[in-house]
Amino acid sequence: MALLSLSMKPSLPQWTRLRYANGYPAISTLRCIAKAQLQDKQSHRRSANYKPNIWTHDFAESLKSDYMEERYAERAVKLKMEVKSLLEKEKNLLAQLELIDEVGRLGLGYLFDKEIGQFLSSVTPMQFKDVGIEKSLHATALCFRLLRQKGHKVSQDVFRDFLSEDGDFRPLSCEDIKGMLSLYEASHFSIEGEHILDKGKTFTTMHLKNVIPSTNTDLYQPSDPCFAISLHFGVCKGLKLDGT
């Protein structure tokens with residue numbers, strides 16, 4: 001750090017100033033001398049006092065699994081083929097959607113990403129009417145969520161059949177707990193300006209908190225983290241969100 005110091009030396013008149021002494025002007029000079037002084041200070045980094053990492057190479061190599069045998073790998077391949085067969089052979093649209101949802105909730109959707117993508121790409125609005133999905137809140141919300149989760153364009157208008165004349169969800173929907181749960185999950189895939197889905201989120205959140213604690217259901221429990229946090233915000237290796 002450079003420090004600036006001033007010293008009085010008349011022999012070097014770089015700057016002069018007038019001063020009156022006993023009525024007569026006198027000249028004094030100022031000399032500006034710059035002195036560079038380097039301050040050699042060592043900066044000490046504070047330590048957070050972290051404990052040594054126990055995950056050393058030797059420790060990681062010492063970990064063993066009971067499922068490393070070849071027979072477990074063979075069974076995994078067999079089960080994977082069975083699930084693929086179910087996805088391809090199932091003809092009921094709702095059953096296929098529920099199977100995809102269950103596989104995704106287990107975090108195994110990435111194993112069947114190709115099959116799931118091909119099936120969802122083939123779903124059309126006409127199929128809704130053919131199998132009566134538009135009359136089921138659960139089926140409509142489930143299909144809507146899976147399609148948007150995969151990146152497909154689906155209009156919020158598929159929920160208009162469940163609205164009353166004033167634009168709110170009909171009270172009868174409160175009796176369909178499974179449907180409300182599906183609508184709650186689907187509402188988290190809304191985009192700006194989709195007021196129907198915004199109303200759906202408010203509607204389901206309010207009624208589920210009142211209904212589930214007093215209902216004997218295995219779908220959800222009030223203490224279940226899934227009830228407080230939507231699947232959309234969970235960490236899952238299942239369905240991709242990039243539309244591929």
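The values are calculated or read from the model by the stated rules, or taken from the named source; none is laboratory data. Everything numeric in this text was worked out from a predicted model, so none of it was measured. FYI the Cβ positions are ideal-geometry reconstructions off the backbone, even for glycines, and counts take in every protein chain you see. Quick note on the areas: whole protein, heavy atoms, side chains included, nothing else; ligands and nucleic acids left out. Shrake-Rupley method; radii C 1.70, N 1.55, O 1.52, S 1.80 Å.
Does LEU12 satisfy the condition of being modelled with pLDDT of 80 or more and surrounded by 10 or more Cβ atoms within 10 Å (Cβ to Cβ)?
Values: modelled with pLDDT of 80 or more: no; surrounded by 10 or more Cβ atoms within 10 Å (Cβ to Cβ): yes.
It is false that LEU12 is modelled with pLDDT of 80 or more and surrounded by 10 or more Cβ atoms within 10 Å (Cβ to Cβ).
Just for segment 155-180: of the residues that are within 19 Å of HIS232 (Cβ to Cβ) and touching a residue at least 40 places away in the same chain (Cβ under 8 Å), which one is most open to solvent (accessible area, probe 1.4 Å)?
The qualifying residue most open to solvent (accessible area, probe 1.4 Å) is LYS178.
Those residues that are farther than 25 Å from HIS138 by Cβ and not in a helix (DSSP H, G or I), I need them from segment 59-116; list them, please.
LEU63, LYS64, SER65, ASP66, TYR67, MET68, GLU69
Please work out which one of (1) farther than 30 Å from ASP113 by Cα; (2) modelled with pLDDT of 80 or more; (3) surrounded by 10 or more Cβ atoms within 10 Å (Cβ to Cβ) is the condition HIS57 fails and give its number.
It is condition (3) that HIS57 fails.
When the residues of segment 84-134 are narrowed to those that are modelled with pLDDT under 85, among the acidic types (Asp, Glu) and open to solvent by 50 Å² or more (accessible area, probe 1.4 Å), which ends up farthest from LYS150 (Cα to Cα)?
Of everything passing the filter in segment 84-134, ASP130 is farthest from LYS150 (Cα to Cα).
Examine segment 194-215 for a residue that is modelled with pLDDT of 90 or more, of a type outside the set (S, T, N, Q), assigned to a loop (DSSP other than H, G, I, E, B) and under 23 Å from the mean Cα position of the chain (by Cα), and state whether such a residue exists.
Yes, the conditions are met somewhere in segment 194-215.
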